[in-house]
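Visitor: Here's a structure for you.
The values are calculated or read from the model by the stated rules, or taken from the named source; none is laboratory data. In this text the structure is predicted, and so the values were computed from the model without any measurement. Backbone-built Cβ (ideal geometry, glycine too); neighbour counts: all protein chains shown. Keep in mind that these areas ignore ligands, DNA and RNA; they rest on the heavy atoms of the full protein, side chains included. Shrake-Rupley method; radii C 1.70, N 1.55, O 1.52, S 1.80 Å.
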Amino acid sequence: ARAVVSEDKEGSSAIICVHANSVGFYITSGRLVEFSSTLAISPDDTDSFAFLVTEEFKKVFNYWESKNSEERNTAGKQAIKCFVCGKSDTAKRIESMMKKNQGVSASLANVWTNAFSLEEYIPDISFEDSLRFGSAVGLFV
């Protein structure tokens, strides 16, 4: 959350992070993680895996929303934004599936959001490779 959610972001965001042997789901308020869940599954680059992840996200989001519906209604918060990070090909499939099946605004995470300005510095790592380092970048931001 510290890496991909901008410092001035208000309201809630979601982060889906594909790890080596699991997928993490995080719901934030600003840059503070309020809820997390992990699905213990090894990722692959298939559409069925992406579909499984989006279905699990739906469960996580519905649970979180049911526990926070009163707060959301009184605060008038806008629709949630979902950031996806992890292995590039897998993250791209999940992002695409999220847009099609969940009706959620989803995008690949920019892990450099709070690290530095891309207008002032271009890192030596490609955007696709940087998706795997969201957790590490967040430790130093």
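Visitor: Of the residues Glu56, Glu128, Glu65, which exhibits the maximal mean-square fluctuation in a Gaussian network model of the chain defined by a 10 Å Cα contact cut-off?
Guide: In this elastic network of the chain, the residue with the biggest mean-square fluctuation among Glu56, Glu128, Glu65 is Glu65.
Visitor: Normalized C-alpha radius of gyration of region 1-57, against 2.2 N^0.38 Å?
Guide: 1.21
Visitor: Over the chain, with every protein chain in place, what whole percent of the accessible area is carbon and sulfur at 1.4 Å, could you tell me?
Guide: That share works out to 50 percent.
Visitor: Treating only the Cβ atoms of Lys and Arg (+1) and Asp and Glu (-1) as charged, compute the dipole magnitude of the chain about its Cα centre; round to the nearest 20 debye.
Guide: Here the chain has a charge dipole of around 380 debye.
Visitor: I've got another one for you. Once a ≥ b ≥ c are taken as the square roots of the eigenvalues of the Cα gyration tensor of the chain, is the result rounded (a/c under 1.5), prolate (a/b larger than b/c) or oblate (a/b not larger than b/c)?
Guide: oblate
Visitor: Same structure, new question: When the solvent-accessible surface of protein heavy atoms is calculated with a 1.4 angstrom probe, in what order do Leu139, Leu52 fall, highest first?
Guide: Heavy-atom accessible area, descending, gives Leu139, Leu52.
Visitor: Counting only heavy atoms of protein chains, what accessible area per residue, in Å², does the chain have with a probe of 1.4 Å?
Guide: Using a 1.4 Å probe on heavy atoms only, each residue of the chain averages 55 Å².
Visitor: Order these peptides, 82-95, 23-36, by their mean beta-carbon neighbour count within 10 angstrom, highest first.
Guide: Top to bottom by mean Cβ count within 10 Å: 82-95, 23-36.
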